[in-house]
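Worksheet for the structure shown next.
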There are 4 protein chains.
Amino acid sequence: EDNTARKADHLRIALGDHAGFVGLTTGFEQLRVRARALPERDLDEVDLSTELWGHHLTWPLLISCMTGGTTEAGPVNRALAVAAQRHGVAVGLGSGRVLLEDHARDEGFMVREAAPDVPILANLGAAQLAEYGPDACEWLVSRCAADALVIHLNPLQEAVQPGGDTGFSGLTARIDGLARELSVPVVVKEVGFGLAPEDIELLAGSGVAGIDVAGAGGTNWARIEGQREDEAGAVAAAFTDWGWPTTESVRVAHEILGPRRLRTVYLIASGGVRDGVDALKALCLGADLVGVARGLLSAAVEGPEAADRAVGVIARQLQVAAWAAGAGRVDDLESHLLR
Amino acid sequence: EDNTARKADHLRIALGDHAGFVGLTTGFEQLRVRARALPERDLDEVDLSTELWGHHLTWPLLISCMTGGTTEAGPVNRALAVAAQRHGVAVGLGSGRVLLEDHARDEGFMVREAAPDVPILANLGAAQLAEYGPDACEWLVSRCAADALVIHLNPLQEAVQPGGDTGFSGLTARIDGLARELSVPVVVKEVGFGLAPEDIELLAGSGVAGIDVAGAGGTNWARIEGQREDEAGAVAAAFTDWGWPTTESVRVAHEILGPRRLRTVYLIASGGVRDGVDALKALCLGADLVGVARGLLSAAVEGPEAADRAVGVIARQLQVAAWAAGAGRVDDLESHLLR
Amino acid sequence: EDNTARKADHLRIALGDHAGFVGLTTGFEQLRVRARALPERDLDEVDLSTELWGHHLTWPLLISCMTGGTTEAGPVNRALAVAAQRHGVAVGLGSGRVLLEDHARDEGFMVREAAPDVPILANLGAAQLAEYGPDACEWLVSRCAADALVIHLNPLQEAVQPGGDTGFSGLTARIDGLARELSVPVVVKEVGFGLAPEDIELLAGSGVAGIDVAGAGGTNWARIEGQREDEAGAVAAAFTDWGWPTTESVRVAHEILGPRRLRTVYLIASGGVRDGVDALKALCLGADLVGVARGLLSAAVEGPEAADRAVGVIARQLQVAAWAAGAGRVDDLESHLLR
Amino acid sequence: EDNTARKADHLRIALGDHAGFVGLTTGFEQLRVRARALPERDLDEVDLSTELWGHHLTWPLLISCMTGGTTEAGPVNRALAVAAQRHGVAVGLGSGRVLLEDHARDEGFMVREAAPDVPILANLGAAQLAEYGPDACEWLVSRCAADALVIHLNPLQEAVQPGGDTGFSGLTARIDGLARELSVPVVVKEVGFGLAPEDIELLAGSGVAGIDVAGAGGTNWARIEGQREDEAGAVAAAFTDWGWPTTESVRVAHEILGPRRLRTVYLIASGGVRDGVDALKALCLGADLVGVARGLLSAAVEGPEAADRAVGVIARQLQVAAWAAGAGRVDDLESHLLR
Ligand SMILES: Cc1cc2nc3c(=O)[nH]c(=O)nc-3n(C[C@H](O)[C@H](O)[C@H](O)COP(=O)(O)O)c2cc1C
Ligand SMILES: Cc1cc2nc3c(=O)[nH]c(=O)nc-3n(C[C@H](O)[C@H](O)[C@H](O)COP(=O)(O)O)c2cc1C
Ligand SMILES: Cc1cc2nc3c(=O)[nH]c(=O)nc-3n(C[C@H](O)[C@H](O)[C@H](O)COP(=O)(O)O)c2cc1C
Ligand SMILES: Cc1cc2nc3c(=O)[nH]c(=O)nc-3n(C[C@H](O)[C@H](O)[C@H](O)COP(=O)(O)O)c2cc1C
């Protein structure tokens, strides 16, 4: 099967109406912010800037890994990079497998020019680590001028797609080894079904620098793969409500990783984050950074201006929500702001 | 931006279908009245009259602050004033900012003639207190022949609208100062997102004479402002379920302010009150007075007869509900009538 | 206003689509029967016959009071009487007020011939007891050849209708006096908003022979009256979810009146009973008899055959449900059959 | 009434839109699997094969008893048998009553040739045991070359249908006797309303080799019979939410029968199982085998290839779900995998 055709399909299907969960939500909708009528602070005093491995971020936001290696990926990732740069947030690239397989397929992977000052995160599937060791990963990171490498765990996506790579034995050890050898931080994430407490324990005990829960309630990769092939679709139908709701996974990760100030492993919350209020809730649950993928995709396809506006709206919502919750800094965002 | 055009927009949008909350309700629908089949009293013996700062009210009801300073405001406020006078309830005016800015723009602010015997409440945004001190407020109150001044807290509304006034530092002190200097009672309210326990504590400790929770579940001012401008609309989309449900805010305020007979700060319940049964529930939760805004707007636009009928229906529902709950006086309305 | 026109309106509106509750249910739908796959008994061994003041009933069912004194009432009540006779269940007549006011208006009140062997219950509003004392009631009962008199409490219905009789003071004493003087048993009921615990306590301490909770979730009399007049409709809109769900009222009445075998006051469950499974649940909650009104109305309007079939279906459902719950007699129907 | 016409009706109605429950679900939708992102095993290492009375099954799945004795039954059961054989799962036949009544009506009962290596289960209604004793049952089993006999308990179905066999007294004793005399294992099941704890206790204490809860939430046999006749339909309307949700019945059975390794009575979970994730949940609740009936019917009507695909999809979903839950063998499937 042609991997770039697959990537193009993903973009198309993800933009459609059947890429989400049915019968399961992120849980953000059940959390309420303790809204204040008397914030006793001016809105423009609210400053949510933060640090990510030595890089300054204006907002604790990440544009999650989406695409690369297909014709459409070029303009999409450039638009996202431009938006990231303008708003001072981190940006991820899609899986670098295509690029590792064919060094010429670099569409969408070369965005450093468009985003000179913000962290760029390269990406690879964990199952690919059997084939591509630390050296190949190092090459990938340097080719993308990336500041970190994100490894994704996607057992269900692989199992549902015909010919998917379902060799998942020994992955923890491989991830551990990679994290210890690579010159840049390694982040491990799911792709939208969340991490189990047991997964988080395993990863927290390895050398990874960050964990992104990529929880359930947003993009459902079983359903997306299911729209590419009949039998995959039939199998996927059972998994529309599979996984850990994002809020549940973040809560557990927060408990395992400990308080923000003390932790050594960075906690990224993502999966179904729709807006800056969801982002605020995720931060209050203990996340260091909040990622958004599909929610930015249609704007990114439209172009850099639309992407800029879309990221700007989320940042503004986050700022307003923090203000109206009585908070002024990232450190103020704790669970007592929720009810 | 023209402030009177804004006010006209507000009326139009508030009358439309997208001015409410999505995913959050007042909580009234979850409370049930302990209905009696044997009230052991005649309906016409039920007398819910009360006092408001020395004024007699036939019903513990308030027509909440809505409009003023725009052409439409004249007939709308006259209709509401006529209805208030006929039924013996209090009536509020919209924000006097326009009038303070331009003393000629008095449309809708001069209703004392139409409502000679009931309390009239003037209104101003808390953020305006930076510009307009106690003297200006005194002028406003006297110009409107008002019996009290209502200060509204609307951080979200200001934050969502382009160029909104988001200078909210030091507001508690300003309100406090105003309350101590003004010749009439000062009431502080939200505009439909409710007051947090912390807000209520702050206000209860200041010199204000009354607190109106103006809770969530009724009119959503982020959504209204969002319909006036594209980016505001995008930002507002995250706030359709923001705030404290009215019943929650009233409960908390009741706890903080203490039992009705002992309290020195008047408790007004408003925000999404649809009818006299909601009003009864709010009174049973501990309110002294119940306010209705948007629920009376279309009748007010229709004219004085329609406004009269609309207020009459709420008063009648309240009387019937109190009767059929076995209550005869405002003092009988306590939480044991609910379940 | 013409009382018989009102009665005709009631039938018409009750047959329409807006005669029920909105936002409140009987609670039957939340109870589950402990269904048995091995009832260890033949279906035709199930015998749910019972006694009602010395009369034998084949099923513990009552066709609740509905109509009388209007042209349509004649065939409707005859159909219901025929059905009651064929299935051996009790049948109630509508309010006898019209007949007391004009002795010639006896349409629908003379059904003894059609139902020679089953209990017939006459009916009158409690508020009418101010005008019609025990002698008039005695006359009514004897004119209808009735076996009991049902007094209904309908404060909300009276309050909503223009010119309704809302003189409800002193009713408990009047009911008490009537119950002690009348030659036949007196039953007291609501009309679809249920009885409060306090109401039941009051009635249990008076001389009445039976209590019919007529709980909420079935027919909503505020809504029906609201369809006869504009202002009534506006007032009624606040009462679509008023009252005590039938199951809640029955549970409480059962607690107050004590176990079936020991009690001296008969407990009738009604209000939104849709079928024989609801009836079974009501019996398991402690009722002695289960009443159905509106659920039989359209069949009664169709004629005796349809009414016969409709009552037969409920009886059959009750028998099947009792059997499949492992019960054989009315005495077996207790709360441990529910979960 | 012609029993084969009835059987043909059943197939037709079961394929339609009104054969399910309304207001009651299996409960599977409320259980969540503890999904793992790091299963630390390859998907193809997952082996869920099991034993059923000495027969090897590739998957712990059963195609539940559906049809026989009607023209349509031939191809349907052949298709199911082919699918069972290909996937190594057990297959049940519909009630053998028709065959016992007329030895020539063997359509659909002779599928051994199509399924030489998997267990085939013959079937008979418990009420028929009054007429057909152990010898007749022995004949039925041997005529179908079956490995077991399934006795179904269907009180509601019998009660709803005109002329249904509702003689259910003494059934436990008859089942007990049969189980002790028959040369093959006897399984007892409901047909979609579930078994009560009391039923399970009775059966666990008899000599049966297996219990299939056939719980509520899937196929509703009252509704199916109700579509064959008017009065049956009226009676059936009360039973759309009757019975024990499958998950509830399985939980209770698991508690009564004890841990999988120690139990002597086989536990089959069925009733509304839609896919392999439901199957996984049922196994985690303690089932030894999971049955699917109606969910496979339309594929079976389409033919052997469709049936093969349909069973294959469920098996694949089960395998993927087990893998992504971190399990490798049937023995790993325990309640701690659920939350
Ligand atoms: C079109 C698309 C492509 C994606 N590709 C990748 C990928 O290559 N690598 C990866 O780790 N995650 C990928 N993801 C998953 C996202 O990073 C994210 O974890 C997931 O979509 C959940 O977030 P969301 O609900 O905000 O979309 C992709 C998501 C989308 C929508
Ligand atoms: C058209 C309109 C204009 C309003 N203008 C004001 C205002 O000028 N000042 C104020 O304090 N509140 C204002 N409000 C808010 C109301 O007083 C009230 O707090 C809010 O609408 C919640 O009540 P409701 O749900 O009954 O509408 C306005 C409301 C409406 C609908
Ligand atoms: C058309 C109609 C007329 C009724 N008239 C009377 C009446 O005259 N007296 C009375 O006590 N109840 C009357 N009822 C109330 C019923 O007896 C019963 O209490 C109520 O309808 C709730 O039961 P349901 O939900 O089964 O209809 C009437 C009900 C209906 C539908
Ligand atoms: C068309 C059809 C015919 C059935 N016939 C029988 C039968 O003859 N004997 C039996 O024990 N169960 C029979 N059943 C019931 C099933 O075995 C099963 O217990 C029930 O349908 C619940 O499972 P489901 O929800 O997966 O359909 C039949 C089911 C269907 C759909």
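Every number here is computed from the coordinates shown, using simple stated rules; none is lab data. This structure is a prediction, so every number in the text was calculated from the model and none was measured. Positions of Cβ are backbone-derived with ideal geometry, glycine not excepted, and every protein chain shown enters the neighbour counts.
For the protein assembly as shown, what is the number of Lys pairs with C-alpha distance below 20 angstrom, counting only pairs 8 or more positions apart or on separate chains?
Working: A:Lys7/A:Lys189; A:Lys189/A:Lys281; B:Lys7/B:Lys189; B:Lys189/B:Lys281; C:Lys7/C:Lys189; C:Lys189/C:Lys281; D:Lys7/D:Lys189; D:Lys189/D:Lys281.
Step by step, the pairs that qualify in the protein assembly as shown add up to 8.
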Rank these for me by crowding, D:Val111, D:Val330, going from fewest to most other beta carbons within 10 Å. D:Val330, D:Val111
Each residue of segment B:68-73 in order: what ³J(HN,Hα) in whole Hz does its phi give by Karplus 6.51 cos²θ - 1.76 cosθ + 1.60, θ = phi - 60°, with x for Gly and Pro? x, x, 9, 3, 5, 5
As an exercise, use a Förster radius of 56 Å and the Cβ-Cβ distance of B:His336 and C:Ser183 to find the FRET efficiency, rounded to the nearest 0.05. 0.90
Based solely on its DSSP helices, what 222 nm [θ] is calculated for the protein assembly as shown when runs of n ≥ 4 H residues each add -39,500 (n - 2.57) and the sum is averaged over all residues, nearest 500 deg cm²/dmol? -11000 deg cm²/dmol
Cα-projected label distance for D:Glu231 with A:Glu201, points at 7 Å along beta-carbon direction, nm: 6.3
Peptide C:318-325 - average C-beta neighbours from other chains (10 Å radius): 5
Does segment D:177-323 classify as rounded, prolate or oblate by the C-alpha gyration tensor (a ≥ b ≥ c root eigenvalues; a/c under 1.5 gives rounded; else a/b over b/c gives prolate, otherwise oblate)? oblate
Amide H contacts of D:Gly218 (H built 1.01 Å from N, under 5 Å, at least 5 apart or other chain): D:Gly272
Over its Cα atoms, what ratio of radius of gyration to 2.2 N^0.38 Å does segment A:281-322 give? 1.27
What is the set of long-range amide H partners of D:Asp212 at a cut-off below 5 Å, with H atoms built 1.01 Å from backbone N? D:Val188, D:Lys189, D:Glu190, D:Ile268
A correct Karplus calculation of ³J(HN,Hα) over segment D:32-38, with 6.51 cos²θ - 1.76 cosθ + 1.60, θ = phi - 60°, whole Hz and x for Gly and Pro, returns 10, 7, 6, 5, 10, 8, 10
So who's got an amide H within less than 5 Å of the one on B:Leu124, skipping anything under 5 residues away but keeping other chains? H placed 1.01 Å off N, in plane. B:Gly96, B:Val150, B:Ile151, B:His152
Which of D:Gly170, D:Gly291, D:Gly226 ends up with the largest GNM mean-square fluctuation for chain D, with Cα atoms connected below 10 Å? D:Gly170
In order through segment B:211-222: 3J(HN,Hα) via Karplus (6.51 cos²θ - 1.76 cosθ + 1.60), integer Hz, x for Gly, Pro: 10, 10, 5, 6, x, 7, x, x, 7, 10, 6, 5
Where the eigenvalues come from the Cα gyration tensor of chain A, what are the semi-axes √(5λ) of the equivalent ellipsoid, largest first, in whole Å? 29, 21, 21
Can you tell me the FRET efficiency between D:Arg12 and A:Thr264 if r is taken as the Cβ-Cβ distance and R0 is 60 Å, rounded to the nearest 0.05? 0.40
Helix axis angle, D:171-181 relative to chain D longest principal axis, alpha carbon, degrees: 70
Normalised alpha carbon radius of gyration of segment A:153-250 [divisor 2.2 N^0.38 Å]: 1.14
Over the Cα atoms of segment B:39-131 the radius of gyration and the largest Cα-Cα distance (Dmax), both in Å, equal 15.7, 57
Note down the net charge around B:Arg174, summing +1 for each Lys or Arg and -1 for each Asp or Glu among other residues with Cβ under 12 Å from its Cβ. -3
Divide the volume of the convex hull of the Cα atoms of the protein assembly as shown by its number of residues and quote the answer in cubic angstrom per residue. 174
Sorted by Cβ density within 10 Å, fewest first, the residues C:Val313, D:Val292: C:Val313, D:Val292
Once the principal axes of the Cα atoms of segment B:106-173 are found, what is the range along each, listed largest first in whole angstroms? 37, 23, 18
Once the Cβ-Cβ distance between A:Arg309 and A:Arg112 is put in as r, and R0 is 35 Å, what FRET efficiency do you end up with, to the nearest 0.05? 0.95
Burial ordering of A:Arg112, C:Arg36, fewest other beta-carbon atoms within 10 Å first: A:Arg112, C:Arg36
